[in-house]
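Undergrad: Here it is, the structure, as C-alpha cells.
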Amino acid sequence: MTKRKSPSNGVIRYAHAAGGWGSLQGITRTELSQRAGPGALDTLRLQNKPDGTMCTSCAWVKPAQPHPFEFCENGAKATLWDLTTARCTPETIADRTVSELARLDAHDLELLGRVTEPLRYDSAADRYVRTSWSEAFDAIAAKLRALDPKSVTFYASGKAGLEASYLYAAFARMYGHNNLPDSSNMCHETTSVGLKKVTGSSVGTCQLDDFEHCDAIFYLGQNPGTNSPRILHPLQAAVKRGCKIVVFNPLKEKGLLEFVNPQNPLQMTVGKPTQMSHLYLQVRPGGDIAALMGVCKNVFERDAAAKAAGRARILDEDFIAQHTDGFDAFRAKLDATGWDELETQSGLTRAEMEEAGKIYATAKNVIGIYGMGLTQHVHGSQAIGLLVNLLLIGGNIGRQGAGCSPIRGHSNVQGQRTVGITEKVKLAPVDKYREVLGLETPQEDGHTTVEFLEALLDGSNKGYIGLGGNLAMAVPDHERVHKAWREMEMTVHIATKLNHSHMMPGKTSWILPCLVRAEEDMQVTGNQWVSIEDSFSHIYGSKGRRTPASEHLLSETAIICELAKATLPANPRWTWDAWRGDYGKIRDLIARTYPDEFHDMNTRMHEPGGFYRGNAARERIWKTESGKAEFTDPDVLNACGVTDNAGGLHLVTLRSNDQFNTTIYGHSDRLRGLEGSRMIVLLSPGEIHRRGLREDQIVSLETEIDDGIVRRVEGLAVKPYDLPAATVVGYFPELNPLVPLEYHDKLSKTPASKGVPVRLIA
Ligand SMILES: Nc1nc2c(c(=O)[nH]1)N[C@H]1C(S)=C(S)[C@@H](COP(=O)(O)OP(=O)(O)OC[C@H]3O[C@@H](n4cnc5c(=O)[nH]c(N)nc54)[C@H](O)[C@@H]3O)O[C@H]1N2
Ligand SMILES: Nc1nc2c(c(=O)[nH]1)N[C@H]1C(S)=C(S)[C@@H](COP(=O)(O)OP(=O)(O)OC[C@H]3O[C@@H](n4cnc5c(=O)[nH]c(N)nc54)[C@H](O)[C@@H]3O)O[C@H]1N2
Ligand SMILES: [Mo]
C-alpha cells in the first residue's frame with residue numbers, strides 16, 4: 001500500500017483515490033485471511049441482484065439495472081467474512097474459560113469462526129459448553145416465564161430480515177413488553193425522531209433517480225468511501241453531469257475527494273480519478289448548525305439582492321408560504337446572529353460559508369445527505385433540522401432532483417423499524433395487531449438503548465435477548481455498563497460468531513447460532529426467501545444458496561418461532577410452526593398489518609429494484625404537528641453538548657475502512673493512509689506542535705464531564721492528520737469507554753459518539 005508524507009504539513013496520506021485497484025486488493029486480502037468456502041464467489045456474483053443475496057453490509061440501494069458486479073470492497077468483505085470455513089465448535093473453546101476468551105481481541109475472537117452448535121454457559125467451570133436446541137429453548141422459556149416481562153429487553157441489530165423482525169417484535173408484545181431497542185437507537189434514531197419532527201417522515205425522501213437531476217449535493221458527516229461505497233457511482237455520475245458536491249466534514253475523507261470506478265475498465269487502467277467535491281469545508285465537531293446557518297444567511301442576502309435588482313428569486317416563497325411553518329422565527333434568529341459567532345461555532349470562515357451559499361443559490365435542485373456526523377451529537381436533532389431548513393428555503397423537498405437523504409447503517413435497520421421493532425407504543429401497529437393476531441399491545445413505552453442501560457445500572461433490567469449485534473461493546477460508558485451487564489439473570493445471544501458481549505454472560509447465558517443471509521434456509525416447504533428494506537424504502541427479496549456452516553444451525557426466524565412457542569401459552573392464531581415452515585405466510589401477516597405499504601409483498605419483492613413503500617413528505621404531505629414542514633429555530637450554534645471544556649478538545653469516534661462496526665476485519669484504514677494499529681488518536685500537526693507532542697507518542701484521553709466519574713483510555717499513539725483545531729479522532733469501539741451514557745441527543749437519546757469533550761494527557 002502506498003503511503004506518502006506530504007511535505008507541506010507532515011500528514012500521512014493515502015496517495016490513491018477511493019475505489020480502484022486498492023479496493024480489489026482489500027477484497028483479496030480478506031478472502032485469503034478468511035478462507036471463504038466454495039461458492040463464496042458465486043454469492044458475490046449475484047450479490048444485490050434480483051434472485052441473489054442482498055448484502056449484509058450497508059443499506060445502500062440495489063438498483064433495478066445492476067452493474068456486472070454490484071458489490072463494493074466492504075460488501076465483499078462482509079460476505080467472505082460470513083462464509084469463512086473457520087468453525088468455532090464446542091471443542092474449539094472447551095479448554096478455554098470465558099475469562100480467557102474475553103482477553104482475545106475482537107478480531108481474534110471472530111477469527112475462531114462460525115459458531116456451530118447452541119452453547120450454554122456453565123458458570124461453575126466458566127465455560128461455554130455444548131447444549132441441544134430443545135434444552136436451550138425450554139430453559140430460556142422457563143426463565144422468561146419466571147421473570148417480569150417488563151424487566152426483559154429484546155435488542156435487535158439491524159441485519160435480520162423483515163420476517164424474523166416482524167415476529168420478534170410481535171413476540172415481545174405477546175410476552176408483555178415494548179422493550180425493543182434497535183441498533184438504530186445508537187445510530188439514526190436522531191433521524192427517526194428529528195427528521196420526523198420537521199418533515200413528518202422518519203426516513204429519507206430521495207429516490208435513486210433524483211441523483212440524475214440534482215445540481216448540488218450538500219454532503220454532511222458521512223464517509224461513503226468506507227461505509228456505503230456503492231453510493232460513489234451515482235455521485236460520480238452526478239459530478240460528471242456538472243452537479244456540485246459541497247462537503248461538511250472535519251476529516252478529508254478520500255471517497256469525497258476522488259474516486260476511481262472499479263466497474264470501469266478504462267478508468268481502472270489509464271483514466272484519471274474523478275474529483276468528487278467542489279467545496280470541502282472542514283467544520284469543527286458539531287459545527288454544522290452554525291455552518292448551515294451561515295449558508296442560509298448568505299442565501300438570504302443573495303435573495304434580497306436578486307429581489308432588489310428584479311432578478312429571479314432564490315427563495316421559493318410560494319413553497320415557504322404554502323408548505324412550511326416557523327420561517328419568520330428562523331429568519332429572525334439568522335438576522336440576530338452575527339458572522340463572528342457563526343465562524344467561531346462552525347470552525348469555518350465567512351468566505352467559506354458564502355461560497356457554499358453561492359452554490360446553493362445557483363442550483364435549481366439540491367439534495368442533502370448525512371450520516372453519523374450529524375446524528376451522533378447532543379444537539380443532533382437540531383443539526384438535522386438546520387439541514388432541512390436549508391432545503392426548505394429553496395423548496396428542495398418533494399420534487400424531482402431534490403430531497404433529504406440520511407444514509408442508513410445496517411442492511412435492514414430501517415426495515416426493522418418499519419415492521420414493528422420499536423420501543424414507542426405510538427409507532428406500533430396496535431390496532432392491526434389486535435385484528436391480525438388477536439394481540440393486545442402493552443401500554444407502556446419500552447426501553448431505548450440508553451434507557452435499557454439505565455435499567456441495567458439500577459438493577460431493574462434482568463433479562464436480555466439479542467437478535468444479533470454486540471451491544472455491550474457498541475454502547476457508551478463501557479466500564480460502568482460492563483459491571484452491571486454480568487448481574488443480569490439471563491443473557492441470550494442469537495449470533496453467528498463470538499464477540500465480547502458473549503464474554504459477559506449473565507447468571508445464565510446462551511448462544512444460539514444462526515444462519516447468515518447467504519446460506520440456504522431450508523424449511524419444510526423448501527429454501528426460504530427473506531426480505532429487507534434499504535435507505536430509499538425499497539423492499540427486496542433475498543435468497544441464500546450456500547451450504548450452512550453447520551448442520552445444527554437454525555435460521556433467525558426459526559429460533560424466534562421456537563422460543564416464542566416454548567414461552568407463550570398456545571393460541572390458535574399464533575401458528576409458529578406454519579410461519580416457520582413457510583416465510584410467505586409471515587409476509588402475508590406483514591401485508592395484512594401494513595396493507596398500504598406491503599400489499600402483495602410476496603410477489604412485489606421480486607421486482608428488479610424492489611418495491612417502494614412510499615413516503616408522504618416526498619408527496620409534500622407533512623405528517624407533523626403543524627401539518628406543514630417545520631423550520632427549526634436552533635437554541636444552540638454548535639451540536640456538541642459541552643463546548644467550553646478546559647482541555648479544549650472534542651473527540652470524534654468513527655469507523656476505519658477495515659471494520660463493520662465491532663467486527664474488526666483487520667488493521668488497515670487504507671483510505672486514510674493509517675495502517676497497523678487501532679489504538680491511535682489523530683490530531684492536527686498544529687495541535688500536536690502546540691501541545692509539545694510528537695508523532696507516535698503514547699498518550700491518554702480523559703472525558704471532561706463533571707459527574708464525578710473518571711473515564712480514561714490509555715495507550716493511544718499520536719498521529720498527525722489534516723483536522724480542524726481542537727479536534728481529536730479515534731476508533732469506535734475502542735474509545736467507547738470515553739462516551740458518557742448521559743451524553744446523548746436531547747430528542748432521541750442517541751448516544752453522542754461525536755463531539756465528546758476530552759483532555760489529552762501526555
Ligand atoms: N464498511 C463498513 N460499512 C458500514 C459500517 C462499518 O462499520 N463498516 N457501519 C454501518 C453503520 S451501522 C452505519 S450507521 C454507517 C455509518 O457510516 P457514517 O455515517 O459514515 O459513520 P462514521 O464512520 O461514524 O463516520 C462519520 C463521518 O462523520 C464525520 N463527522 C464526525 N463528526 C462530525 C461533525 O460534527 N460534523 C460533520 N459534518 N461531520 C462529522 C466523520 O469525520 C466521518 O466522516 O455505515 C454502515 N456501513
Ligand atoms: N463510539 C461509537 N459507538 C457507536 C458508534 C459510533 O460511531 N461510535 N456507532 C453506533 C452504531 S451507528 C451502531 S449501528 C451500533 C452497532 O451495534 P451492533 O449492531 O450491536 O454491533 P455489530 O458490531 O454490528 O454486531 C456484530 C455482531 O453481530 C453478530 N452477527 C453478525 N452477522 C449476523 C447475522 O447475520 N445474524 C445474527 N443474528 N447475528 C449476526 C455477530 O456475532 C457479530 O459479532 O454501534 C453504535 N456505537
Ligand atoms: Mo449504525
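Undergrad: Please give the calculated 222 nm ellipticity per residue for the chain, where each DSSP H segment of at least 4 residues contributes -39500 (n - 2.57) and the sum is spread over every residue; nearest 500 deg cm²/dmol?
TA: -9000 deg cm²/dmol
Undergrad: Select from Gly581, Tyr168, Ala136 the residue farthest towards the positive end of the dipole of the chain; place +1 on Cβ of Lys and Arg, -1 on Cβ of Asp and Glu, and compute about the Cα centre.
TA: Toward the positive end, the furthest listed residue is Gly581.
Undergrad: Provide the FRET efficiency to the nearest 0.05 for the Ala142-Glu551 pair, computing r from the beta carbons and using R0 = 30 Å.
TA: The pair Ala142/Glu551 has a calculated efficiency of 0.65.
Undergrad: Excluding Ile320 itself, what net charge comes from residues whose Cβ is under 13 Å from its Cβ, given Lys and Arg +1 and Asp and Glu -1?
TA: Net charge in that neighbourhood comes out at -3.
Undergrad: Give the ranking of Leu554, Leu391, Leu257 by solvent-accessible surface, highest area first, calculated with a 1.4 Å probe.
TA: Leu257, Leu554, Leu391
Undergrad: If you count only protein heavy atoms with a 1.4 Å probe, what accessible area per residue comes out for the range 649-761, rounded to a whole Å²?
TA: 32 Å²
Undergrad: Still on this structure: May I ask which residue of Ala76, Ser57, Thr662 lies farthest towards the positive end of the charge dipole of the chain, with charges of +1 (Lys, Arg) and -1 (Asp, Glu) on Cβ and the Cα centre as origin?
TA: Among Ala76, Ser57, Thr662, the one farthest towards the positive end of the dipole of the chain is Ala76.
Undergrad: Per 0.36 nm of contour for each residue apart, how much would the distance between Ala725 and Thr525 grow if the chain were fully extended, relative to their Cα-Cα spacing?
TA: Full-extension gain reported as 65.9 nm.
Undergrad: Next question. Give the relative contact order (percent, whole number) for the chain; include only Cα pairs under 8 Å separated by 6+ residues.
TA: RCO, the chain: 22 percent.
Undergrad: Okay, moving on. Would you mind working out the magnitude of the charge dipole of the range 649-761 relative to its Cα centre, with +1 at each Lys and Arg C-beta and -1 at each Asp and Glu C-beta, to the nearest 20 Debye?
TA: With Lys and Arg at +1 and Asp and Glu at -1, about 140 debye.
Undergrad: Antiparallel as a % of all DSSP beta bridges within the range 189-407, to the nearest 5?
TA: Once the DSSP bridges in the range 189-407 are tallied, antiparallel ones form about 10 percent.
Undergrad: Still on this structure: Please calculate how many Å² of accessible area the range 189-407 carries per residue, with a 1.4 Å probe and no DNA, RNA or ligand atoms counted.
TA: Heavy-atom accessible area per residue stands at 32 Å².
Undergrad: What is the percent carbon and sulfur in the accessible area of the range 189-407, measuring with a 1.4 Å probe over the protein chains and ignoring ligands?
TA: Carbon with sulfur: 50 percent of the solvent-accessible area.
Undergrad: Could you grab the relative contact order for the range 131-213? Cα pairs under 8 Å, six or more apart, rounded to a whole percent.
TA: 24 percent
Undergrad: Treating only the Cβ atoms of Lys and Arg (+1) and Asp and Glu (-1) as charged, compute the dipole magnitude of the range 508-591 about its Cα centre; round to the nearest 20 debye.
TA: That gives a dipole near 100 debye.
Undergrad: Here's something else I'd like to know. Report relative contact order for the range 649-761 in percent, whole number only (criteria: Cα-Cα under 8 Å, sequence separation at least 6).
TA: 38 percent
Undergrad: Could I ask something else about it? Hey, which aspartates and glutamates would be in cross-link range of Lys424, C-alpha to C-alpha under 18 Å, not counting anything within fewer than 8 residues on its own chain?
TA: Answer for Lys424, where 18 Å is the Cα cut-off: Asp182, Glu189, Glu440, Glu444, Asp445, Glu451, Glu454, Glu625, Asp745, listed by chain and number.
Undergrad: Spin-label point model (7 Å from Cα, Cβ direction): what's the Arg241 to Ala762 distance in nm?
TA: Inter-label distance under the simple model: 5.2 nm.
Undergrad: Along the charge dipole of the range 378-484, which of His410, Gln400, Leu439 sits closest to the positive end, that is, farthest toward it, with unit charges on the beta carbon of Lys, Arg, Asp and Glu (+1, +1, -1, -1)?
TA: Sorting the options by dipole projection puts first Gln400.
Undergrad: Could you pull out every one of the aspartates and glutamates with an alpha carbon less than 19 Å from that of Lys143, ignoring same-chain neighbours closer than 8 positions?
TA: Asp122, Glu135, Glu487, Glu489, Glu562
Undergrad: Okay, moving on. Please report, in cubic angstrom per residue, the volume enclosed by the convex hull of the alpha-carbon atoms of the chain.
TA: 149 Å³
Undergrad: Just how large is the dipole of the chain about the Cα centre, in debye to the nearest 20, putting +1 at every Lys and Arg Cβ and -1 at every Asp and Glu Cβ?
TA: Charge dipole, the chain, about its Cα centre: 1400 debye, nearest 20.
Undergrad: Please identify the trypsin sites (Lys or Arg not before Pro) of the range 456-533 that satisfy two criteria: DSSP loop assignment and at most 15 other Cβ atoms within 10 Å. Which are they?
TA: Arg486, Lys507
Undergrad: Name the trypsin sites (Lys or Arg not before Pro) in the range 672-735 that are in a loop by DSSP and that have at most 12 other C-beta atoms within 10 Å, would you?
TA: Passing sites in the range 672-735 are Arg694.
Undergrad: Something else: How much length, in nm to one decimal, is gained on full extension between Gln263 and Leu279, taken as 0.36 nm per residue of separation minus their Cα-Cα distance?
TA: Stretched fully, the Gln263-Leu279 segment lengthens by 3.2 nm.
Undergrad: Can I ask one more? Can you give the FRET efficiency to the nearest 0.05 for Asp51 and Trp133, using r as the Cβ-Cβ distance and R₀ = 41 Å?
TA: 0.85
Undergrad: Further question on the same structure: Cα centroid distance between the range 364-403 and the range 285-299, in Å?
TA: 12 Å
Undergrad: Continuing with the same structure: Using only the alpha carbons of the range 649-761, what is the convex hull's orientation-averaged projected area in square nanometres?
TA: Here the figure is 7.3 nm², rounded to one decimal.
Undergrad: What lysines does Lys244 reach when the alpha-carbon gap must be under 22 Å and sequence neighbours fewer than 8 apart in one chain are set aside?
TA: Lys252, Lys254, Lys272, Lys297, Lys358, Lys364
Undergrad: Give the carbon-plus-sulfur fraction of the accessible surface of the range 649-761 in %, rounded to a whole number; probe 1.4 Å, heavy atoms of protein chains only.
TA: C and S atoms contribute 51 percent here.
Undergrad: For the pair Ala64/Glu625, report the inter-label distance in nm, with labels modelled 7 Å from Cα in the Cβ direction.
TA: Calculated label separation equals 4.0 nm.
Undergrad: So, one more: Mind giving me the FRET efficiency for Arg313 and His689? R0 is 56 Å, r the Cβ-Cβ distance, nearest 0.05 is fine.
TA: The calculated FRET efficiency here is 0.70.
Undergrad: Taking 0.36 nm per intervening residue step and subtracting the Cα-Cα distance, what contour gain separates Glu487 from Asp335 on full extension?
TA: 49.3 nm
Undergrad: Further question: What is the distance, in nm, between label points placed 7 Å from the Cα along the Cα-to-Cβ direction at Ser460 and at Thr603?
TA: Each label point is offset 7 Å from its Cα along the Cβ direction, giving 5.0 nm.
Undergrad: Which whole number in µm²/s is D for the range 189-407 by Stokes-Einstein, with the Kirkwood Rh taken over Cα pairs at 20 °C and 1.002 mPa s?
TA: It diffuses with D of about 122 µm²/s by this estimate.
The values are calculated or read from the model by the stated rules, or taken from the named source; none is laboratory data. Note that the structure is a prediction, hence the values are computed from the model and not measured. Every residue, glycine among them, receives a Cβ derived from its backbone with ideal geometry; neighbour counts consider all protein chains shown. These area figures cover heavy atoms from the full protein model, side chains too; ligands, DNA and RNA do not enter into them. Shrake-Rupley method; radii C 1.70, N 1.55, O 1.52, S 1.80 Å.
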